[in-house]
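Everything below concerns the one structure shown next.
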Amino acid sequence: GQLGHLLRASFDQHEHALVPLEEELAVVRMYLDIEKLRFGNRLNMEQAIDPELSEVLMPPFSLQPLVENAVGHGLHSSPEAGRLRLVVRPAGPWLDVSVSDDGQGVPSTEVEQRFFAESDRVHALTLLRRRLQGLFGHSFQLNVRSEIGEGTTVTMRIPFRKRFGFGLETPGAISSNVPELASY
(Lines give C-alpha, C1' and ligand atoms only; values in the text may rest on other atoms or scores of the structure.)
Protein backbone atom coordinates (compact mmCIF):
# COMPACT_ATOMS: atom_id res chain seq x y z
CA GLY A 1 0.00 0.00 0.00
CA GLN A 2 2.80 2.44 0.88
CA LEU A 3 4.49 1.80 -2.45
CA GLY A 4 1.28 2.75 -4.25
CA HIS A 5 1.00 5.94 -2.19
CA LEU A 6 4.64 6.77 -2.90
CA LEU A 7 4.15 6.31 -6.65
CA ARG A 8 0.97 8.40 -6.60
CA ALA A 9 2.78 11.16 -4.71
CA SER A 10 5.57 11.15 -7.29
CA PHE A 11 3.08 11.77 -10.08
CA ASP A 12 1.18 14.43 -8.14
CA GLN A 13 4.22 16.36 -6.95
CA HIS A 14 5.85 16.69 -10.36
CA GLU A 15 3.03 19.02 -11.39
CA HIS A 16 4.48 21.72 -9.10
CA ALA A 17 7.82 23.53 -9.14
CA LEU A 18 7.71 23.76 -5.34
CA VAL A 19 5.73 21.91 -2.67
CA PRO A 20 5.33 22.46 1.08
CA LEU A 21 7.86 20.76 3.34
CA GLU A 22 5.01 18.83 4.99
CA GLU A 23 4.33 17.10 1.63
CA GLU A 24 8.01 16.26 1.18
CA LEU A 25 8.12 14.82 4.70
CA ALA A 26 5.05 12.67 3.93
CA VAL A 27 6.91 11.22 0.93
CA VAL A 28 9.97 10.56 3.11
CA ARG A 29 7.81 8.80 5.72
CA MET A 30 6.27 6.57 3.02
CA TYR A 31 9.73 5.72 1.70
CA LEU A 32 11.04 4.96 5.21
CA ASP A 33 8.01 2.78 5.99
CA ILE A 34 8.91 0.66 2.98
CA GLU A 35 12.60 0.51 3.97
CA LYS A 36 11.66 -0.44 7.55
CA LEU A 37 10.07 -3.60 6.14
CA ARG A 38 13.47 -4.48 4.69
CA PHE A 39 15.75 -3.31 7.51
CA GLY A 40 13.51 -3.69 10.58
CA ASN A 41 15.16 -2.37 13.73
CA ARG A 42 18.39 -1.61 11.85
CA LEU A 43 16.86 1.63 10.54
CA ASN A 44 16.60 4.45 13.08
CA MET A 45 15.58 7.96 12.08
CA GLU A 46 16.02 11.17 14.06
CA GLN A 47 14.52 14.47 12.98
CA ALA A 48 15.15 18.06 14.02
CA ILE A 49 12.52 20.10 12.18
CA ASP A 50 10.76 23.18 13.48
CA PRO A 51 6.99 22.57 13.06
CA GLU A 52 6.62 26.18 11.90
CA LEU A 53 8.51 25.23 8.72
CA SER A 54 5.74 22.90 7.46
CA GLU A 55 4.61 25.47 4.87
CA VAL A 56 8.10 26.31 3.61
CA LEU A 57 8.44 25.44 -0.08
CA MET A 58 10.98 23.17 -1.69
CA PRO A 59 11.31 21.25 -4.96
CA PRO A 60 9.27 18.03 -5.02
CA PHE A 61 11.24 14.83 -4.41
CA SER A 62 14.32 16.75 -3.29
CA LEU A 63 14.37 15.39 0.26
CA GLN A 64 13.57 11.75 -0.50
CA PRO A 65 16.73 11.20 -2.63
CA LEU A 66 18.85 12.55 0.24
CA VAL A 67 17.25 10.06 2.64
CA GLU A 68 17.47 7.24 0.07
CA ASN A 69 21.16 8.04 -0.41
CA ALA A 70 21.73 7.83 3.36
CA VAL A 71 19.92 4.49 3.57
CA GLY A 72 21.76 3.12 0.53
CA HIS A 73 25.24 4.26 1.46
CA GLY A 74 24.88 4.31 5.24
CA LEU A 75 22.86 1.24 6.19
CA HIS A 76 24.13 -0.97 3.41
CA SER A 77 27.72 -0.26 4.41
CA SER A 78 27.30 -1.52 7.97
CA PRO A 79 25.92 -4.76 9.44
CA GLU A 80 24.99 -2.82 12.60
CA ALA A 81 21.86 -0.78 13.18
CA GLY A 82 22.08 2.53 11.38
CA ARG A 83 21.02 5.99 12.36
CA LEU A 84 19.82 8.64 9.94
CA ARG A 85 19.45 12.24 11.05
CA LEU A 86 17.33 14.78 9.17
CA VAL A 87 17.71 18.46 10.04
CA VAL A 88 15.69 21.27 8.42
CA ARG A 89 16.28 24.81 9.63
CA PRO A 90 16.10 28.37 8.41
CA ALA A 91 19.40 30.21 7.96
CA GLY A 92 18.57 33.82 7.15
CA PRO A 93 17.32 33.94 3.55
CA TRP A 94 18.10 30.22 3.13
CA LEU A 95 16.56 26.89 4.03
CA ASP A 96 19.19 24.38 5.15
CA VAL A 97 18.40 20.69 4.85
CA SER A 98 20.86 18.02 5.89
CA VAL A 99 20.68 14.24 6.03
CA SER A 100 23.39 12.34 7.87
CA ASP A 101 24.08 8.66 8.29
CA ASP A 102 26.48 6.87 10.60
CA GLY A 103 27.65 4.36 8.00
CA GLN A 104 31.24 3.62 7.07
CA GLY A 105 31.60 6.76 4.95
CA VAL A 106 33.91 7.24 1.97
CA PRO A 107 37.27 8.98 1.74
CA SER A 108 36.77 12.74 1.34
CA THR A 109 38.94 12.61 -1.80
CA GLU A 110 36.34 10.33 -3.46
CA VAL A 111 33.19 12.30 -2.60
CA GLU A 112 32.82 14.15 -5.93
CA GLN A 113 33.50 11.01 -8.00
CA ARG A 114 31.29 8.76 -5.87
CA PHE A 115 28.26 11.05 -5.57
CA PHE A 116 28.31 13.43 -8.56
CA ALA A 117 30.26 11.76 -11.39
CA GLU A 118 28.64 11.62 -14.81
CA SER A 119 28.64 8.00 -15.97
CA ASP A 120 26.36 5.36 -17.46
CA ARG A 121 24.48 5.22 -14.14
CA VAL A 122 23.67 8.77 -13.05
CA HIS A 123 23.55 9.21 -9.28
CA ALA A 124 20.42 10.72 -7.72
CA LEU A 125 22.45 13.63 -6.34
CA THR A 126 23.61 14.53 -9.85
CA LEU A 127 19.99 14.68 -11.00
CA LEU A 128 19.01 16.69 -7.92
CA ARG A 129 21.85 19.15 -8.56
CA ARG A 130 20.59 19.66 -12.13
CA ARG A 131 17.02 20.26 -10.92
CA LEU A 132 18.17 22.75 -8.28
CA GLN A 133 20.26 24.61 -10.84
CA GLY A 134 17.27 24.79 -13.20
CA LEU A 135 15.09 26.24 -10.42
CA PHE A 136 17.52 28.47 -8.56
CA GLY A 137 20.42 29.15 -10.95
CA HIS A 138 23.50 29.50 -8.78
CA SER A 139 21.51 30.38 -5.65
CA PHE A 140 21.78 26.97 -4.00
CA GLN A 141 24.31 24.55 -2.57
CA LEU A 142 24.39 20.77 -2.59
CA ASN A 143 27.38 19.43 -0.69
CA VAL A 144 28.53 16.04 0.56
CA ARG A 145 30.89 15.62 3.47
CA SER A 146 32.17 12.14 4.26
CA GLU A 147 35.07 10.42 5.95
CA ILE A 148 35.85 6.76 6.52
CA GLY A 149 34.46 5.72 9.90
CA GLU A 150 32.43 8.93 10.33
CA GLY A 151 29.50 8.47 7.97
CA THR A 152 28.21 10.91 5.39
CA THR A 153 26.25 14.16 5.49
CA VAL A 154 24.52 15.67 2.47
CA THR A 155 23.50 19.31 2.84
CA MET A 156 21.17 21.23 0.56
CA ARG A 157 20.79 25.01 0.87
CA ILE A 158 18.04 26.68 -1.14
CA PRO A 159 16.33 30.08 -1.02
CA PHE A 160 13.76 30.26 1.78
CA ARG A 161 10.24 30.43 0.25
CA LYS A 162 6.82 30.30 1.86
CA ARG A 163 3.40 29.52 0.47
CA PHE A 164 1.42 32.61 -0.62
CA GLY A 165 -2.34 32.67 -0.17
CA PHE A 166 -4.16 29.58 -1.37
CA GLY A 167 -1.76 28.42 -4.08
CA LEU A 168 1.92 27.74 -4.38
CA GLU A 169 4.46 30.07 -5.89
CA THR A 170 4.53 29.82 -9.63
CA PRO A 171 7.73 28.69 -11.38
CA GLY A 172 8.28 32.24 -12.64
CA ALA A 173 8.28 33.52 -9.07
CA ILE A 174 11.16 31.31 -7.99
CA SER A 175 13.91 33.65 -9.16
CA SER A 176 15.65 35.02 -6.16
CA ASN A 177 17.11 38.31 -5.13
CA VAL A 178 19.13 36.26 -2.66
CA PRO A 179 22.86 36.43 -3.40
CA GLU A 180 24.39 33.57 -5.31
CA LEU A 181 26.33 30.94 -3.44
CA ALA A 182 29.88 30.15 -4.42
CA SER A 183 29.68 26.36 -4.64
CA TYR A 184 26.97 24.09 -5.83
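Observations on the model:
- For q = 0.18, 0.22 Å⁻¹, Debye-computed log10 I/I(0) when each Cα of region 78-164 counts as one equal scatterer: -0.88, -1.15
- Rounded accessible area of F160 (nearest 10 Å², 1.4 Å probe): 50
- Taking amide H as placed 1.01 Å from N in the peptide plane, the amide H of V106 sits under 5 Å from that of E147, I148, each at least 5 places away or on another chain.
- Computed over protein heavy atoms with a 1.4 Å probe, the carbon and sulfur contribution to the accessible area of region 10-153 reaches 48%.
- With the convex hull of its Cα atoms as the shape, region 26-124 has an orientation-averaged projected area of 7.7 nm².
The values are calculated or read from the model by the stated rules, or taken from the named source; none is laboratory data. Keep in mind it's a predicted model, so treat the numbers as computed, not measured. Protein only, heavy atoms only, side chains kept; ligands, DNA and RNA dropped before computing areas. Shrake-Rupley method; radii C 1.70, N 1.55, O 1.52, S 1.80 Å.
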